[in-house]
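The structure under discussion appears below in the form of structure tokens.
The values are calculated or read from the model by the stated rules, or taken from the named source; none is laboratory data. Keep in mind that what you see is a predicted model, and the values were worked out from it rather than measured.
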Amino acid sequence: MLNKKYYKQILLPVFSVASILLLLATIIGCSKEMETADTLEVSKENPVVKADGGSISIDVSSNTSWKVGKIESSWLRIENTAGTGTDSYVCRMMKMMLSIREPRSFLL
């Protein structure tokens, strides 16, 4: 058995190293569990606008950054196409011409 003098000298450093290793293992092991998944919610999934045009404000609630994809349309304009967290964007629809009465839609 070790002498009491050496036992006390060794015990503190061994205990300190073991405590630090346990703390590091706990922090590293739990870090991935604590991450939350990215979320995105919109206030209107199927917006409807009358044929004479108009605008709709769509609220976005997210815990990360978001962006509205590229819109290639002459009848639809998007304002505020990107944000972080909770924000909103506006969809402006142009008035339908009387000779053109086809259904129009876009994907959120």
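Candidates in region 77-93 are the residues that are part of a loop (DSSP other than H, G, I, E, B) and within 12 Å of the chain's Cα centre (by Cα); of these, the one that is farthest from ASP38 (Cα to Cα) is THR86. Here SER105, SER16, SER99 are screened, and the one residue that is at pLDDT 80 or above and on the phi < 0 side of the Ramachandran plot is SER16.
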